[in-house]
1. Of all residues in the range 207-237, which are among the hydroxyl-bearing types (Ser, Thr, Tyr), touching a residue at least 12 places away in the same chain (Cβ under 8 Å) and assigned to a helix (DSSP H, G or I)?
2. Show the residue pairs that are 6+ apart or on different chains and have beta-carbon atoms under 6 Å apart, the first residue being within the range 269-280 and of a type outside the set (S, T, N, Q), the second being in a strand (DSSP E or B) and within 12 Å of the ligand (Cβ to nearest atom).
3. Restricting to the range 152-174, name every residue that is under 28 Å from Ser315 (Cα atoms) and near the ligand (Cβ under 8 Å from one of its atoms).
4. Give the residues of the range 21-72 that are among the small types (Gly, Ala, Ser), surrounded by fewer than 16 Cβ atoms within 10 Å (Cβ to Cβ) and part of a loop (DSSP other than H, G, I, E, B), sorted by residue number.
5. Name the residues in the range 180-208 that are modelled with pLDDT under 95 and either exposed (fewer than 15 other Cβ atoms within 10 Å of the Cβ) or not assigned by TED's automatic domain parsing to the domain that holds Asp226 (or both), would you?
6. In the range 179-212, what count of residues is obtained for those that are within 15 Å of the ligand (Cβ to nearest atom) and farther than 28 Å from Ile147 by Cβ?
7. State whether one or more residues within the range 238-257 are among the hydrophobic types (A, V, I, L, M, F, W, C), crowded, with 20+ Cβ neighbours inside 10 Å and more than 15 Å from the ligand (Cβ to nearest atom).
8. Working only within the range 255-273, note down all residues that are among the hydrophobic types (A, V, I, L, M, F, W, C) and in a helix (DSSP H, G or I).
Amino acid sequence: MITILGIESSCDDTSAAVIRDGVILSNVIAGQAVHERYGGVVPELASRAHQQNIIPVVHDALKQAGITKEDISAVAFTRGPGLLGSLLVGTSFAKGFSSALNIPMIEINHLQAHVLAHFIKEDEHDTNQPEFPFLCLLVSGGNSQIILVKSYDDMEIVGQTIDDAAGEAFDKCAKVMGLGYPGGPVVDRLAKLGNPDRFKFSKPHIAGYDYSFSGLKTSFLYFLRDELKKDDGFIEKNKENLCASLQKTIIEILMDKLYHAAKDLQIKEVAVAGGVSANSGLRAAFEEYSRRYEWKIHIPKFAYTTDNAAMVAISGYYKYLDSQFCAPDVVPYARVSI
Ligand code: KG4
């Protein structure tokens, strides 16, 4: 029996999870409301909040899993990418924990963990995991990538954003409309009430499978600026249609490149991961492509879309099986590729 404690602290969520033989036993996440009033994550405040949250979150994760710390085989933690101060909290905790219990420590790449979230089993009969090789659209606040997943630790970036991430496009456009932070979930909610064909926004023309979202953000901004000159109540009167049209454009940009990558690589097994994979329009688009192109799709449970330690623990489980442990002098890295 292999029991992994996962620790995630790369941005503004402190999370701990327990996975036993690939099956989820607990996944506790403490968010940080402190950033809301600043309209974005403040790194110093994030590190402080991680310090406050980490011990209670781990206690809760062990309690919910019905285990004690002596039952744990290894501790897996997010080494990067992320905010350095935040990563230091999780890394230091993992070092203390592994040293006190004399168990191995396993470093995890946060981006790989998002992809491997698809291998978390809800129970021992759960066989709904992707088969290698598959494509994964990783869309979050900091990333938009199409990844060719060849094995648990062999992943290749097929395409990626050359500027903003899809989540940033949602958040920045939402901010311009005064919808608060993070705006992605609000846009999603309002989009359900609007007409997606009411407004047209520009889409990038880039060769290959790369993305770009900064042009869309600028065209959205200029469009609103011009309309507000004519009617200062424009946003309030049109926010549902604006959200629906914006969301439709972002999804079309994402799906178009993904479709071409899947077609060219002759892959029919396609997954989505990261915070933006919570978007209902994107989920519906996946269902639609699955019907139209006979894709076998993998859409994560909502709990595994945003940052969580369950994905770190499952990644740790596969590294444990391969004896991939790290040295005690390991340090986090803010920037690293998949
Ligand atoms: O993976 P994630 O939790 O973490 C970071 O990248 O830091 O992703 C967060 C991103 C934010 O941009 C947020 O607005 C977006 O995911 N997001 C959504 C939805 N839920 C979260 N975007 C669109 N629709 C949603 N329902």
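1. If the condition is that a residue be among the hydroxyl-bearing types (Ser, Thr, Tyr), touching a residue at least 12 places away in the same chain (Cβ under 8 Å) and assigned to a helix (DSSP H, G or I), then Ser214, Ser219 are the ones that fit.
2. Partner pairs satisfying both residue conditions: Ala273/Leu138; Gly274/Leu138; Gly274/Val139; Val276/Val139.
3. Result: Ala165, Ala166, Gly167, Glu168.
4. Residues satisfying the conditions are Gly31, Gly39, Gly40, Gly66.
5. Passing the criteria: Gly180, Ser202, His205, Ala207.
6. Step one: filter the range 179-212 for residues within 15 Å of the ligand (Cβ to nearest atom), giving 179-194, 196, 211.
Applying the additional criterion that residues be farther than 28 Å from Ile147 by Cβ yields 179-180, 189-190, 192-194.
Residues in the range 179-212 being within 15 Å of the ligand (Cβ to nearest atom) and farther than 28 Å from Ile147 by Cβ: 7 in total.
7. For the range 238-257, residues among the hydrophobic types (A, V, I, L, M, F, W, C), crowded, with 20+ Cβ neighbours inside 10 Å and more than 15 Å from the ligand (Cβ to nearest atom): absent.
8. Met255, Leu258, Ala261, Ala262, Leu265
The values are calculated or read from the model by the stated rules, or taken from the named source; none is laboratory data. Computed from a predicted model, the values in this text were never measured in an experiment. All Cβ positions, glycine included, derive from the backbone under ideal geometry; neighbour counts span all protein chains shown.
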